[in-house]
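Since every read-out is calculated from the coordinates, none of them should be taken as a lab result. Small disclaimer: the values here were computed from a predicted structure and weren't measured. We place every Cβ from the backbone using ideal geometry, glycine too, and count neighbours over all the protein chains shown.
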Amino acid sequence: MEHSMESTVVDVPEKGRFEIRQGERVVGLASYHVDNGQMTLPHTEVDPSVGGQGMGTKLVAGVLTAARERGLTVLPYCSFVRHYIQQHPEDLDLVAEADRPTFGLETAAR
């Protein structure tokens, strides 16, 4: 069985992004900025060479966990992040109720 390198999600505030790394290699990133207690997430990208390994999902999960730990709400302008939240309704609370209609997420509420 091939051992795949551990992937880690790392916040790189000086670059304004979270990176997901396999070993030392950056294989994906999620740009963000924080303003007034809100984390704006405009863009996520994953290296096509690691496509299908769930890297994007792991990256978004890491970003949302960080937002939760910091007590921030998120503005998921990135369609990938929106899609993730639709699939993980337990994270919908990270999007402020007033912002949910903007992102088409109001229907995901339980």
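Over the chain, calculate the relative contact order: mean separation of alpha carbon pairs under 8 Å at least 6 apart, over the residue count, as a percent. Let's see the in-between values first.
Values: 164 pairs, mean separation 20.3, N = 110.
The value is 18 percent.
Once the GluC sites (Glu not before Pro) in DSSP loops with at most 16 neighbouring Cβ atoms within 10 Å are cut out of the chain, the longest remaining piece is 25-110.
Which net charge results when you count Lys and Arg as +1 and Asp and Glu as -1 among the other residues whose beta-carbon is under 9 Å from that of VAL9? Provide the component values of the computation, followed by the final result.
Working: positive: ARG21, LYS58; negative: ASP11, GLU19.
Combined, the nearby Lys, Arg, Asp and Glu give 0.
In whole Å and largest first, what semi-axes does the C-alpha gyration tensor of the chain yield when each eigenvalue is scaled by 5 and square-rooted?
Numbers: eigenvalues 123, 50, 25 Å².
So the three semi-axes of the chain are 25, 16, 11 Å.
GNM remark for the chain: springs join alpha carbons under 10 Å apart, and the peak mean-square fluctuation among GLN53, GLN22, GLN38 falls on GLN53. For the chain, with a Gaussian network of springs between Cα atoms less than 10 Å apart, report the residue from ASP93, ASP35, ASP11 with the top mean-square fluctuation. Comparing ASP93, ASP35, ASP11 in the GNM, the peak value goes to ASP35. Taking 7 Å steps out from each Cα toward its Cβ at ARG70 and SER49 produces label points 2.9 nm apart. Once the other residues with Cβ under 14 Å from the Cβ of SER31 are scored (Lys, Arg +1; Asp, Glu -1), what is the net sum? Counting the neighbours of SER31, the net charge comes to -3.
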